[in-house]
Amino acid sequence: MLRRIVIVVLVLAVLGAAVAWFTRSKPIPVVLKEVAEGKVEATLANTRAGTVEACLRTKLSTIIGGRIEYLGVKEGDKVKKGQLLLKLWNDDQQAQATLAQTQIALASRRVDEACLVAVNAEKESKRQSELRAKGFVSTSREEAARTEAEARRASCNTSKADVTQAEAKFKATRVEQGRVALYAPFDGTVAKIVGELGEYSTPSPPGVPTPPAIDLIDDTCLYVKAPMDEVDAPKISAGQIVRISLDALPGKQLAGKVRRVAPYVSAVEKQARTVDIEVDFVQPEVIGKLLVGYSADVEIILDGRDKVLRIPTAAIQEGGRVLLFNAESGKLEERKIKAGLANWEYTEISEGLKAGDRIVTSLEKEGVKAGAAVVPDEKAKGK
């Protein structure tokens, strides 16, 4: 009887051990990252995509309306400063200018004639005064000569005023002619033209901006304009080093420097208040051809340290805690750390870890917590 009981107990023990073995919780495969030395930088990034802008850009439009009579450029053309780009029909103004020039010439001849007569009249008046002093002519004769000289001098001055008036009229006509023509204010490239030869250009009502006829840019000087969160604005100042990334140049980072921080906040959306910054390219000559309007991202470097202990920022839990892998027990231990500089990729470790420690970065996995049995994920090695 006792023998049977012993056998039953042994069988039950074996079965229990088997059940425990097959139902035991399997270690969780996790991604581990070894604590090592490296560079850590404190950085700020733009909230929305920035844009490559031209240092010089102007959208030209005529002041008055009219039919486009001359269009000397096409989109993509290189132009020089002062070059005539577009002109509206202005034959009437040209006729007025010709008339004004004729009036100037006529008034000038009248000046020559009137002033010559005035000089002769003044000479006669002087001669009559000398004769009156000698008693050869009467007083009335002297006064008549003086009055004639004064009248002739007044006529000369009036003729000069007529010339001034004619010249002013000609200048006014030239100003009117300038209102129908567009000249390049700087060397650049024609980006866009609105209108065709022979079309009528209609000006906008007072107070409403007139749509530009020609968009002119200087693509030899470019910079990046990017919006930054208003909370980060006090940390940004002119001269700070920037890394620039362009969608058009994947995998390539360009050196830049903060040129200007806007003195006001832009409220594009109620929930997204930003401050625009302008960033210059440090070596524009090595960048190659960039197009105005390219999307760009900026990363402002606030501070940086070399050869410091660092871990992936994604491995840090709330409260400054990480999960440390204990190789002897195969379990995770919670460890409190003291962080230094940090960015979205790496965080400097001042206290709590040492070089060679391995911490978990796959925190999103179910069951990953302090005390959990884990094994290194072999598939993630080398990533």
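The values are calculated or read from the model by the stated rules, or taken from the named source; none is laboratory data. Every value quoted in this text rests on a predicted model; they were computed, and no experiment measured them. All Cβ positions, even for glycine, are placed from backbone atoms using ideal geometry, and neighbour counts span all protein chains on display.
Does region 89-101 contain any residue that is under 60 Å from the mean Cα position of the chain (by Cα) and either assigned to a strand (DSSP E or B) or of a type in the set (V, I, T) (or both)?
yes
Filter region 254-308 down to residues that are among the hydroxyl-bearing types (S, T, Y) and assigned to a loop (DSSP other than H, G, I, E, B) and give me whichever is farthest from the chain's Cα centre (by Cα).
Top of the filtered list is Y264.
Looking at R321, R335, R260, can you tell me which residue is surrounded by fewer than 16 Cβ atoms within 10 Å (Cβ to Cβ) and touching a Leu at 6+ places or on another chain (Cβ under 6 Å)?
Just one listed residue meets the conditions, R335.
Residue check: is S138 surrounded by 13 or more Cβ atoms within 10 Å (Cβ to Cβ), polar (S, T, N, Q) and without any contact (Cβ under 8 Å) to a residue 60 or more places away in the chain?
So S138 does not fit the description; no.
Do we have V111 as among the β-branched types (V, I, T), in contact with an Asp or Glu (Cβ under 8 Å, 6 or more places away or on another chain), crowded, with 18+ Cβ neighbours inside 10 Å and outside any strand (DSSP E or B) here?
Judged against the criteria, V111 is a match.
Please verify whether region 148-169 includes one or more residues that are out of contact with any Phe, Trp or Tyr (no Cβ under 8 Å at 6 or more places or on another chain), of a type in the set (S, T, Y) and outside any helix (DSSP H, G or I).
No, there is no match, as no residue in region 148-169 is out of contact with any Phe, Trp or Tyr (no Cβ under 8 Å at 6 or more places or on another chain), of a type in the set (S, T, Y) and outside any helix (DSSP H, G or I).
In region 166-217, how many are more than 16 Å from V79 (Cβ to Cβ), modelled with pLDDT under 80 and under 32 Å from the mean Cα position of the chain (by Cα)?
16
Every residue, every condition in (1) within 30 Å of G293 (Cβ to Cβ); (2) touching a helix residue (DSSP H, G or I) at 6+ places or on another chain (Cβ under 9 Å), yes or no:
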| site | (1), (2) |
| --- | --- |
| A105 | no, yes |
| R110 | no, yes |
| E122 | no, yes |
| G135 | no, no |
| V163 | no, yes |
| I193 | yes, no |
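I'd like the full set of residues that are acidic (D, E) and modelled with pLDDT under 90, limited to region 48-70.
Across region 48-70, the qualifying residue is only E69.
Only one of these is modelled with pLDDT of 80 or more, of a type in the set (V, I, T), touching a Ser or Thr at 6+ places or on another chain (Cβ under 6 Å) and not assigned by TED's automatic domain parsing to the domain that holds S266: V79, V73, V30. Name it.
The unique qualifying residue is V30.
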